[in-house]
Amino acid sequence: MSSRSAARSAALPCFLMILVVLLWSSAGVVGKHIGTSLPALQVAEWRTIFGIQSLLPFLWLEKRHASSSPAGWELRRLLPLWMVGLAGYGLMQWLFFLSAQRTYASHLILIMALTPICTKLLRRLLFREDISGMFWSGAAVALAGSALILWPSSSGDASIWVGDLLALGAMISFSLYTEGMAHYARGYSLTAANVHVLTAGLLFLYVAGGVSGGSASASLFSLEAWTIMLPSTHIIGWLAFLGIGCTAFAYWGYGWAIRRLSASVALPFLYLQPLFGVALSAVWLGEALTLRFAMGSVLILLGLRVSQLRPTRRQHSQLPSQL
């Protein structure tokens, strides 16, 4: 294949990767935009519902064109995957939107961008995976950038601190999801695994709504409560965008593009996520971009890049950093 035709064939996957990263970047901004129009638990539930419904057609197409029988519903194999959905995805969604209601969207986005570092530390803790000095250096730089941004802008405002801590919890929970998917989704397609995980996450959100005394779970089955739960078509549109665009389409697009690009080409696109998210926060929500914020963002991006450099030639594909 000539260099010109190779560049042409890579153009569409690269464009799709940019679109996917833009969609992931917008999730925190949309959550902040929705604000308190709906409780965080209901936002998480509806995003998950739209995501599952949108993934089902892709799952049907996969099964129709599968050359071999896919992994089924064996309890022994599904139980760990559903635990990933309960403790990883479901909890992450709830904490994510709770954080979006309390802190700056830019804070949430930058904290979630630290997921690769947290996942690496989790592997070290659970599986004694070797960590290079380069990783520690990159992690230190990224954490310094986070402190540079979060400390001065959060001082004196307890609600911002609470939102930042919730974002930290969401990031840790998503690291559990990432590592769990890497170990327990083998034998399943990416679509099938995510349908299982999202379904388990939705179950967690229903239970959390019942335990917390909220009306989130009940309102899904109560016709009378729907008028309260759906205050406007404006909110429904953004919920659909979160579920269909930021979840189903983004994951499908990522899977399609990653099969046509090498890891060395595809993964650097993920580093654009915090940049897109911060830019959207400033343009859409009017959040201030100070020199300190810009310096901290540069340190986070530099730290992320350095921490992911590998001393060996082996390349590992990573799961997306936002769902």
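Rule-based calculations on the coordinates, nothing more; no lab input. Just so it is clear, the model here is predicted, and its values are computed rather than measured. Backbone-built Cβ (ideal geometry, glycine too); neighbour counts: all protein chains shown.
The figures follow:
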| item | result |
| --- | --- |
| Anisotropy class of region 19-130 from Cα gyration tensor, a/c 1.5 cut | oblate |
| Inter-label distance for I18 and L79, nm, one decimal - labels placed 7 Å from Cα along Cα-to-Cβ | 4.8 nm |
| Pair Q53, A158: separation of 7 Å Cα→Cβ label points (nm) | 4.0 nm |
| Anisotropy class of region 114-155 from Cα gyration tensor, a/c 1.5 cut | prolate |
| Gain in span if fully extended, V283 to H183, counting 0.36 nm per residue against the direct Cα distance | 32.1 nm |
| Net charge of Cβ neighbours under 14 Å - reference L126; Lys, Arg +1; Asp, Glu -1 | +1 |
| Virtual spin-label span in nm between R259 and L61, 7 Å along Cα→Cβ | 1.0 nm |
| Residue exposure sequence - C118, C14 - by fewest surrounding Cβ within 10 Å | C14, C118 |
| Pairwise FRET efficiency - T233 versus M134, Cβ, R0 = 41 Å, nearest 0.05 | 0.25 |
| Ranking of H196, H65 by count of other Cβ atoms within 10 Å, fewest first | H65, H196 |
| Footprinting exposure proxy for W46, W60 (fewest neighbouring C-beta atoms within 10 Å first) | W60, W46 |
